[in-house]
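The values are calculated or read from the model by the stated rules, or taken from the named source; none is laboratory data. Bear in mind that the values here come from a model prediction, so they are computed numbers and not experimental data. Don't worry about glycine lacking a Cβ; one is built from the backbone with ideal geometry, like all the others, and counts go over all protein chains shown. Areas reflect the complete protein model, heavy atoms only, side chains present, ligands, DNA and RNA absent. Shrake-Rupley method; radii C 1.70, N 1.55, O 1.52, S 1.80 Å.
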Amino acid sequence: MSISQTVWLASITAVVAPLAGGMLHALDRKLTARLQSRCGPSWVQPFYDTLKLFGKQSQAVNQWQPFFALLYLFGAAASMMVFVLGGDLLVLFFLSTLTVSFLVMGALSSASPYSRIGADREMIQALIYEPMLLVALVGVYHATGSFDISAVRNHPQPLLLQLPMAYPALFLVFLIKMHKSPFDFSAAHHAHQELVQGILTEYAGPVLAFLEIGRWLETLLLLLIISLFWNTGVGGAVFLPAATFAAAILLDNIAPRLVWRWALRWIWISGLVVICANLAWLYWT
Amino acid sequence: MIFNRLINRARYKSPWLLFFNGGGCNGCAIEIAACLTPVYDLERFGVINKGNPKHADVLMIAGTVNYRNRRTLENLYSTITTPRIVLAVGACACTGGIFKGAYNVLGGADRAVAVDVYVPGCPPKPEALIDGILKGIGRFRSPGGGNAAD
């Protein structure tokens with residue numbers, strides 16, 4: 001890709017990705033509302049929320065909070081850029097890990113116990129889902145011979161045929177990263193608070209708006225990674241993330257919250273073990 | 001100028017709630033909870049019940065504010081990031097209600113914080129609550145709008 005093409009693609013992504021992420025969040029809230037037999041907010045509600053947050057007082061408790069929140073946003077944006085510009089999946093994985101660590105550090109920088117326990121739980125969540133995501137990406141390497149996203153996109157058959165167990169693992173990763181029940185022990189949405197707002201407690205105003213936009217980008221990125229697993233044809237590439245999204249919202253509405261010990265046990269049994277088995281099968285055939 | 005109007009509209013469209021129960025009988029609390037259920041559905045106005053004062057725009061006070069929880073209320077009020085709106089919900093929060101004159105009762109939430117909207121009733125109907133919230137956030141639409149004390 002020439003330099004001008006790269007710049008064009010990056011600029012378009014910088015505008016389109018937050019908008020698409022916001023629309024996804026609106027779809028999430030609207031679907032949740034319909035499942036609960038009510039109207040729900042408007043389709044542009046996330047944009048109203050974020051705009052309102054930019055107009056609020058920030059009340060940052062120290063200089064590190066806005067710093068880490070911005071780093072979180074830049075990390076999420078950088079991961080999105082790496083994906084869109086056809087970079088390396090492994091680099092993407094490390095970037096997204098770093099992004100989450102910035103969120104955790106920002107929350108730990110304040111003395112609030114809610115914030116700190118939320119940050120601890122966020123780290124536990126990262127401990128739970130990262131091995132699965134890494135093994136899934138290593139499986140992609142074994143199936144296609146490269147970590148490069150363009151190599152994955154050009155693979156002749158859908159990756160799901162060789163890596164069927166990667167999908168349950170990625171579904172669980174999606175549930176955890178999006179703080180959806182049953183794995184929302186770190187920071188719950190809206191009214192289901194246990195630790196006030198957990199990791200997001202001490203953030204307010206524009207700083208919280210940065211985090212919101214970063215979360216939209218992370219959701220979008222994860223759905224794009226899931227779409228890689230059915231890369232042949234547009235139909236599959238749209239159907240797989242759409243089905244994942246719908247299933248996640250359904251599960252969010254019917255499942256109670258798991259404590260982290262249970263989450264660790266059940267996710268590693270149903271996610272990590274099966275995907276390692278898949279990888280072993282792939283390696284030896 | 002147009003950015004300010006956009007932000008004011010966003011404030012009107014996305015009021016996040018913090019509910020403070022100032023030692024009441026929970027009648028108003030139950031009515032507020034009813035507003036958040038599918039029948040009355042406050043979320044169609046963009047209202048989310050955030051338990052966190054740093055995230056909230058609207059403070060709803062129900063129940064009599066007494067000398068014991070006055071400090072908590074003032075703490076919460078000062079933590080809520082501006083611009084903010086304060087609602088006094090129910091007869092007890094408006095004037096002390098049936099408990100006015102008791103030795104521990106302040107006699108209304110406005111003895112502790114600046115209240116913008118009073119929603120009378122014992123308890124007020126959910127429709128009245130929704131009306132009160134919308135009246136309160138209507139103040140965001142005027143330039144420099146917000147709590148009376150800000």
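For an R0 of 35 angstrom, estimate the FRET efficiency from the Cβ-Cβ distance between A:Ile269 and A:Ile12 and round to the nearest 0.05. Using R0 = 35 Å, I get an efficiency of 0.25. Remark: the protein assembly as shown carries 43 Å² of accessible area per residue (probe radius 1.4 Å; ligands, DNA and RNA excluded). Across the stretch A:135-140, computed HN-Hα scalar couplings (Karplus, 6.51 cos²θ - 1.76 cosθ + 1.60, θ = phi - 60°) run 5, 4, 5, 5, x, 4 Hz from first to last residue, x flagging Gly and Pro. Near the amide H of A:Leu258, within less than 5 Å, lie the amide hydrogens of A:Phe183, A:Asp184, all on another chain or at least 5 residues away, with H placed in the peptide plane. A 1.4 Å probe over all protein chains sorts B:Arg111, B:Arg5, B:Arg68, B:Arg139 by accessible area into B:Arg68, B:Arg5, B:Arg111, B:Arg139, starting with the largest. Taking the DSSP bridge list for the stretch B:1-130 and keeping only pairs wholly inside it, about 5 percent are antiparallel. Taking 7 Å steps out from each Cα toward its Cβ at B:Arg9 and A:Trp64 produces label points 4.0 nm apart.
Apply the a/c threshold of 1.5 to the C-alpha gyration tensor of the stretch A:1-67 and tell me whether it is rounded, prolate or oblate. Here the stretch A:1-67 falls in the oblate category.
Between B:Arg68 and A:Leu251, the FRET efficiency from the beta-carbon distance, with R0 = 41 Å, is close to 0.45.
Each stretch of four or more DSSP H residues adds -39500 (n - 2.57); spread over every residue of the protein assembly as shown, this sum gives -18500 deg cm²/dmol at 222 nm. Between A:Gln5 and A:Val44, residue separation times 0.36 nm minus the direct Cα-Cα distance comes to 11.0 nm. For the stretch A:77-146, a/c is not less than 1.5, where a ≥ b ≥ c are the root eigenvalues of the C-alpha gyration tensor, and a/b does not top b/c. That puts it in the oblate class. Distance from the C-alpha centroid of the stretch A:1-73 to that of the stretch A:194-214: 13 Å, rounded to the whole angstrom. Diffusion coefficient of chain B by Stokes-Einstein, Kirkwood radius over Cα pairs, 20 °C, 1.002 mPa s: 141 µm²/s.
Buried accessible area between A and B (1.4 Å probe, both chains summed, ligands and nucleic acids excluded), in Å² to the nearest 100? Rounded to the nearest hundred, the buried surface is 2600 Å².
Using the Cα gyration tensor of the stretch B:70-150, with a ≥ b ≥ c the square roots of its eigenvalues, what is the shape: rounded (a/c below 1.5), prolate (a/b larger than b/c) or oblate (neither)? Oblate, since a/c reaches 1.5 and b/c is not below a/b. Within the accessible surface of the stretch B:25-114, defined with a 1.4 Å probe on protein heavy atoms only, the carbon and sulfur portion equals 55 percent. Note on A:Gln57/A:Ala111: beta-carbon distance plugged into 1/(1 + (r/R0)^6) with R0 of 22 Å gives a FRET efficiency of 0.65. Considering only A:Tyr141, A:Tyr48, A:Tyr129, the Gaussian network model of chain A with Cα springs below 10 Å gives its largest mean-square fluctuation to A:Tyr48. Overall, the accessible surface of chain A at a probe of 1.4 angstrom is composed of carbon and sulfur to the extent of 73 percent. Within the protein assembly as shown, the percentage of alpha carbon pairs spaced more than 42 angstrom apart rounds to 20%.
Report the residues of the stretch A:117-145 in range of a label on A:Leu161: point 7 Å along Cα→C-beta, backbone N strictly under 19 Å from it. Label zone hits: A:139-145.
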